[in-house]
Amino acid sequence: MAPHDLPHDPAGIPDGAGTTGFDIDLAAHEMLRRVQILDALGPDWDPVEVMRGEEEAYDLLYSGLDAEQQRVYEDLVAAGVLPRREGGGSAAA
């Protein structure tokens, strides 16, 4: 059987055309990446405080909405684009 007669895989490489398979284990690289991220964040990084700050920012973002903004917010919540905020997402003046 000539090479051009061999069945092809989706990548266009003929089966049995002398290709060799290999595996790459990225677990060690992933662990190194995570260690480097935590090192860059530093010892004072507090994920709970960061989440608290983000919640406060969202509360501020969705507070004081006028009637049109509130309608758009409700439409986005109904469409599943935004999660409903505690307190119903209503304006907290």
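The values are calculated or read from the model by the stated rules, or taken from the named source; none is laboratory data. Predicted model only: the values in this text are computed from it and were never measured. Here the Cβ is made from the backbone with ideal geometry for all residues, glycine too, and neighbour counts use every protein chain on show. Just so you know, the surface numbers come from the protein's heavy atoms only, side chains and all, with ligands and any DNA or RNA stripped out. Shrake-Rupley method; radii C 1.70, N 1.55, O 1.52, S 1.80 Å.
With a simple spin-label model that places each label point 7 Å from the Cα along the Cα-to-Cβ direction, the separation between Glu56 and Leu32 comes to 3.9 nm. Projecting label points 7 angstrom from Cα along Cα→Cβ for Ser63 and Ala40 puts them 3.3 nm apart.
Rounded to the nearest 10 square angstrom, Asp25 shows an accessible area of 120 square angstrom against a 1.4 Å probe. With a 1.4 Å probe rolled over the protein heavy atoms of all chains, the accessible area of Val35, Val50, Val77 falls in the order Val35, Val50, Val77, largest first.
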